[in-house]
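This report refers to the structure that appears directly beneath it.
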Amino acid sequence: MRARLRDIAWLLAGLFRRSRMERRLDDEMRFHLEMLAERHSRAGVPAGEARRRALAEFGGTDRFKEAARDEYRSRLVEELAQDIGYAARVLRHHPGFTIAAALTFALGIGASAAVFSVVNAVLLRSLPYADPGRLVVVWERHPGRNVERNVVAVPNFEAWRQRSGSFAGMAGAVPLPATVAIAPSPERVMGAEVSPGYFKLLGVTPALGREFTAEEESNGGENVVVLSDAFWRSHFGADPNVLGRTVPIDGRAHVIIGVMPATFDAPRFSWLSDQAFWRPFGPTENNRSWGRFLLVVARLNDQSTIEAARRDIAAIAEGLARETSANLGWSASVTTLESEITGEVRSPLLVLLGAVGLLLIMAIANVTNLTLALTRRRDHELAVRRAIGATSWRLARQLVTQSAVVGVLGGVVGATVAVASVQGLVALLPPEIPRVESIRVDGPVLVFMLIAVAGASVVVGLVSAARAMSVGAAVTLRERGGRSTRRLRGGALVTAEIALGLVLTVLAGLMVRTFVALRAVDVGFDTERVVVARVGLSGPRYSTPEARSTFFGDVLEQLRATPDVQAAGLISTRPFGGAGPATTVADANARAVGDSLVADVRFADGGAFQALRIPLLAGGVFDERDRPDASPRVVVNETLARTLWPGVNPIGRRLRMELFNGITPEVIGVAGDAHLRDVRTPPRATAYLADTRFPSEARDLIVRGRGDVAALVAAVRAAVIGLDPTIPVYQTETLASVVGRSLARDRFTTMLLSAFAAVALLLAGVGIYGVFAGDVAERRKEIGIRVALGAPGAGVVRLVLHRAAKRALTGVAVGTGGALLAARGLESMLFGVESADPASFIAVTMLLLFVAFVATLVPAVRASRVSPLVAIRTD
Amino acid sequence: MADRGDVLQGTLDMLVLKSLQLGPMHGWGITERLEVGSERVLHVGQGSLYPALYRLERQGYITSEWGLTENNRQARYYKLTSAGRKRLADERATWARMSRAVDLVLRMGEG
């Protein structure tokens, strides 16, 4: 270490003392020479001759002085400074090259850094919890129904917690949308019920107060609450004395016992979304019978691994399946919390990162080509410098330095591009992407850019250096002037550009087709001028089913009386609004229960079918007969009817549903299939039960109108508030935007890949143009001779195009192979199109060949106009 | 850049240090000392000598200053430092061990 420091000190001192050092060298050399000469003259050689001999013996003083200097201080630093100065001069003299190369670098580095910053924040950065690698989610699974990750029934959660030896802790969590009544107006807020120990499990402690104790789990959870930092700030003005105050949540006063720190980012996955508050969750007789609804988060203990935990939990589940009939066919599994939080977006983001990586490679290829062209123009200069003693190594270093300077220029511009485009990228991101708020250009992104700049510079520099070295000095000096080369320079580049461009464009093409196919899906309902809004009832006033039923009835009646409203109805979960309940169904009269069918269950009124324009294929819908005390009736969708009663009229038959401990409603209607989950999932068997028969406290109002959407929204609000101003109306939006948002991720991927493809085509075009422009320029003399000998212009054009065609076709072959592989990575995101879709491949190939054709045609036509005089002119 | 009669790779530093053990000397004098000392077997070219001198100086084994020769000429005189003396001792020990080892190997099977 001390030696190292001394070296550095010497180096620095040496740099400053340079002139003194040079003088010392000169003096010492002169002394040495004189002594040599003196020895010769002592031996009888005449003075002049003695000196000449001494010099000859000494060899080149300069060569030797350089070696000596080398030792005196590390020459590298000085030469680096020289090289940078030299590179700067070269770049100043070729501004066109500099700007083109730097911009190309900037594009490649900026775009990849922007995408990397998203990947880094969303996928790479570890979760903000203690030892996040040991956090897992435990699921029930039903292999028979192909359900891998199912929410959990309370008794099973309790059994796992009791019997398993794999976990340091296990907590249940369930979202709790609630009405929070803080003056001036009540609000609908998303919170969650969590088992005591949940925060400790994650390794986070409240900034104020404490988390729940085990006692607070009893009776289904005491009325205590922990607030999020954001909620504490917005509703309590960040009051440090907030502990002990109460908040009315769903009409019950809750005592505030804690506030989480601002840095706490609650896990959002499955149906857990944003959380503004938490209250304790505790098993009760009641919720033990609710079926499966709980999310279970656990921490592996130090002795366990995820595989061991999986075996452990599966063994317990096997026991449970034997003990309880409700668990028949059910097992359990364990996944990492990380994969749950980032899982859905992982593959699209990795595809985008890969795509932008290809773009970066294309940018590097283009800059390499530009640099080669520039080096070629400077062949003569390089040859002269070699002839007067510059070593290959030194020349190589200069070329690498030059490309590094270009790289740094490009990197700086690229960083600006990245910072600017990260903002745009975040705005474009689909809403469900986790950890969006932490996306920024930070340390790791800068490191990524540095590596990209360094890698790109070295590649570009080495390729051009390799070329410079392969050109013998003598050959180049001789070849000054006209030259005819048989081989196309940069041919490999043309092939690579075509291949990479093909891969990127195929990916984009497949996504575009996917997006078009998604847009073309008939979702089974009509989104035109429909507003949906959620209404949540709470408090003692609405504790009876009759009161809820009356309230919603009154709201709908008032809405239907509004002039511009064409239809109004309500449904338990709006289309694309989440999974909702599901249950096993069968024909009530069937003796043997075969493969049981699982149907989604929606609670709706007759108006909902009208407002959504879901067609009625047979029978009717609900009416005033479906009172809370009436026997239940059901409307089934086409899929359900076709599955249970193929070729039979289902009207009047009875459906057995496991829901509500088993009901057998009469089928009164068959509705058309509708995509209630999302666009991609085909319509599932669905049973609609009468909302008036099973009134609940939260429902989606669906209102179809004639006029302005804003007026419709206002009408909905007015209708609810006119009846009871304490009732919150929330999640108000048009149905069209609900559907649009569900395609946000596909839109994002499609847009980005299309943009990458456009840039790739541009880069390919420019790159190919560059190669052939250079080729034609180099062969001017040869072409001139051909023209002079009578070759027609068209012949010359064909000559150039022929050279291009060979390369382009090789590129297409390589690219098609690459694209087939790359598209397989995209498979999970495709819809309505095969990953090896021939139409896309053919169209993209034609497009690439067209780009290559245009990029070659310009230089080719220029070649055909070469004057035959060129042939006889000399430099 | 090979010099005729080049000294064994790696031994130049040791020889330079050794020659300076006899007293401070300039570059030319060092070459003479080595040539004479080796009965003209070893020839140290200035192409290796001066880089070696600068290297040793940088490493702190020798120091240098201007001085006058017997003929009243300005010359740069090099002098061993105590670190240089120690280095020389180390190198000699290593050299002795190595040359004995090489010698042993060469005499294998020759009784």
### Query
In segment A:70-90, is there at least one residue being in a helix (DSSP H, G or I), modelled with pLDDT of 65 or more, small (Gly, Ala, Ser) and more than 30 Å from residue A:766 (Cβ to Cβ)?
yes
### For residue A:315: the one exception among (1) in a helix (DSSP H, G or I); (2) within 13 Å of residue A:136 (Cβ to Cβ)
(2)
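Got at least one residue in segment A:781-804 being in the same structural domain as residue A:854 (by TED's automatic domain parsing) and within 39 Å of the chain's Cα centre (by Cα)?
Here is the first cut: in segment A:781-804, the ones in the same structural domain as residue A:854 (by TED's automatic domain parsing) are A:781-804.
Pick out the ones that are also within 39 Å of the chain's Cα centre (by Cα) and you get A:804.
Within segment A:781-804 (the criterion being in the same structural domain as residue A:854 (by TED's automatic domain parsing) and within 39 Å of the chain's Cα centre (by Cα)), the answer is yes, since at least one residue qualifies.
Give A:259, A:242, A:247, A:296 a once-over and let me know the one that is touching a strand residue (DSSP E or B) at 6+ places or on another chain (Cβ under 6 Å) and free of Cβ contacts under 8 Å to residues at least 40 places away in the same chain.
Working: A:259 fails: free of Cβ contacts under 8 Å to residues at least 40 places away in the same chain; A:247 fails: free of Cβ contacts under 8 Å to residues at least 40 places away in the same chain; A:296 fails: free of Cβ contacts under 8 Å to residues at least 40 places away in the same chain.
After ruling out the rest, the residue left standing is A:242.
Take residue A:816 and decide whether it is at pLDDT 85 or above and closer than 29 Å to residue A:747 by Cβ. Reasoning before the result, please.
Numbers: at pLDDT 85 or above: yes; closer than 29 Å to residue A:747 by Cβ: yes.
Yes: the conditions hold for residue A:816.
Somewhere in segment A:766-777, is a residue crowded, with 22+ Cβ neighbours inside 10 Å and over 27 Å from residue A:104 (Cα atoms)? Give the steps one after another, and end with the answer.
Taking segment A:766-777 as the starting set, the residues that turn out to be crowded, with 22+ Cβ neighbours inside 10 Å are A:767-768, A:770-772, A:775-776.
Right, trim to over 27 Å from residue A:104 (Cα atoms) and you get none.
There is no residue in segment A:766-777 that is crowded, with 22+ Cβ neighbours inside 10 Å and over 27 Å from residue A:104 (Cα atoms).
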### Task
Taking the residues in segment A:733-760 that are among the aliphatic types (A, V, I, L, M) and touching a strand residue (DSSP E or B) at 6+ places or on another chain (Cβ under 7 Å) as candidates, determine which candidate is nearest to residue A:353 (Cα to Cα).
A:738
### Message
Tally up the residues in segment A:574-604 that are within 21 Å of residue A:704 (Cβ to Cβ), in contact with a strand residue (DSSP E or B) (Cβ under 8 Å, 6 or more places away or on another chain) and either modelled with pLDDT of 90 or more or crowded, with 22+ Cβ neighbours inside 10 Å (or both), please.
### Response
4
### Summary
Checked against (1) farther than 25 Å from residue A:304 by Cα; (2) touching a strand residue (DSSP E or B) at 6+ places or on another chain (Cβ under 9 Å); (3) not assigned by TED's automatic domain parsing to the domain that holds residue A:298, residue A:121 satisfies every condition except (2)
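Taking segment A:159-172 as the region of interest, how many residues are within 18 Å of residue A:288 (Cα to Cα), touching a strand residue (DSSP E or B) at 6+ places or on another chain (Cβ under 9 Å) and either part of a strand (DSSP E or B) or touching a residue at least 40 places away in the same chain (Cβ under 8 Å) (or both)? Outline the logic, then answer.
Within segment A:159-172, the first condition is being within 18 Å of residue A:288 (Cα to Cα), and the residues that meet it are A:159-163, A:170-172.
Now drop any that are not touching a strand residue (DSSP E or B) at 6+ places or on another chain (Cβ under 9 Å), which leaves A:160-161, A:170-172.
Filter once more, keeping what is either part of a strand (DSSP E or B) or touching a residue at least 40 places away in the same chain (Cβ under 8 Å) (or both): A:160, A:170-172.
Residues meeting the conditions: 4.
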### Task
Kindly provide the set of residues from segment A:177-230 that are in a strand (DSSP E or B) and under 20 Å from residue A:154 (Cα atoms), ordered by number.
A:177, A:191, A:192, A:193, A:194
### Residue selected from segment B:59-76 under the condition buried (at least 18 other Cβ atoms within 10 Å of the Cβ) and in contact with a Phe, Trp or Tyr (Cβ under 7 Å, 6 or more places away or on another chain), by the criterion modelled with the highest pLDDT
B:62
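For chain B, give me every one of the helices (runs of 4 or more DSSP H) that falls completely inside it and has 2 or more residues that are touching an Asp or Glu at 6+ places or on another chain (Cβ under 8 Å), among the aliphatic types (A, V, I, L, M) and away from chain A (no Cβ under 13 Å). Can you show your working first?
Values: elements: B:12-21, B:27-37, B:46-58, B:82-106.
Filter on chain B gives B:12-21.
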### Query
Restricting attention to segment A:683-717, and to residues there that are small (Gly, Ala, Ser) and in a helix (DSSP H, G or I), which single residue is surrounded by the fewest Cβ atoms within 10 Å (Cβ to Cβ)?
A:710
### Message
Condition first: charged (D, E, K, R) and touching a Lys or Arg at 6+ places or on another chain (Cβ under 9 Å). Now tell me which residues in segment A:217-238 satisfy that.
### Response
A:222
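Looking for whichever is assigned by TED's automatic domain parsing to the domain that holds residue A:330, in a loop (DSSP other than H, G, I, E, B) and surrounded by fewer than 19 Cβ atoms within 10 Å (Cβ to Cβ) here; the options are A:283, A:261. Which one fits? First the steps, then the outcome.
Numbers: A:283 fails: surrounded by fewer than 19 Cβ atoms within 10 Å (Cβ to Cβ).
Among A:283, A:261, only A:261 is assigned by TED's automatic domain parsing to the domain that holds residue A:330, in a loop (DSSP other than H, G, I, E, B) and surrounded by fewer than 19 Cβ atoms within 10 Å (Cβ to Cβ).
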### Task
Output the residues belonging to segment A:231-287 that are under 21 Å from residue A:215 (Cα atoms), under 39 Å from the mean Cα position of the chain (by Cα) and charged (D, E, K, R).
A:279
### Message
I'd like the full set of residues that are in contact with a Gly (Cβ under 7 Å, 6 or more places away or on another chain) and within 21 Å of residue A:636 (Cα to Cα), limited to segment A:684-706.
### Response
A:700, A:702
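Yes/no matrix, rows are residues, columns are (1) of a type in the set (S, T, N, Q); (2) touching a residue at least 24 places away in the same chain (Cβ under 8 Å); (3) more than 27 Å from residue A:143 (Cβ to Cβ); (4) assigned to a loop (DSSP other than H, G, I, E, B):
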| residue | (1), (2), (3), (4) |
| --- | --- |
| A:566 | yes, yes, yes, no |
| A:570 | no, yes, yes, no |
| A:576 | no, yes, yes, yes |
| A:601 | no, yes, no, no |
| A:608 | no, yes, yes, no |
| A:611 | no, yes, yes, no |
| A:622 | no, yes, yes, yes |
| A:635 | no, yes, yes, no |
| A:641 | no, yes, yes, no |
## Note on the structure
So, first residue among the charged types (D, E, K, R) in segment A:551-564, second residue part of a helix (DSSP H, G or I), Cβ within less than 6 Å, six or more apart or across chains; the pairs are A:554/A:723
### Message
Between A:720, A:739, A:667, which is closer than 25 Å to residue A:555 by Cα and not in a loop (DSSP other than H, G, I, E, B)?
### Response
A:720
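The values are calculated or read from the model by the stated rules, or taken from the named source; none is laboratory data. What you see is a predicted model, and the numbers here were worked out from it, not measured in a lab. Don't worry about glycine lacking a Cβ; one is built from the backbone with ideal geometry, like all the others, and counts go over all protein chains shown.
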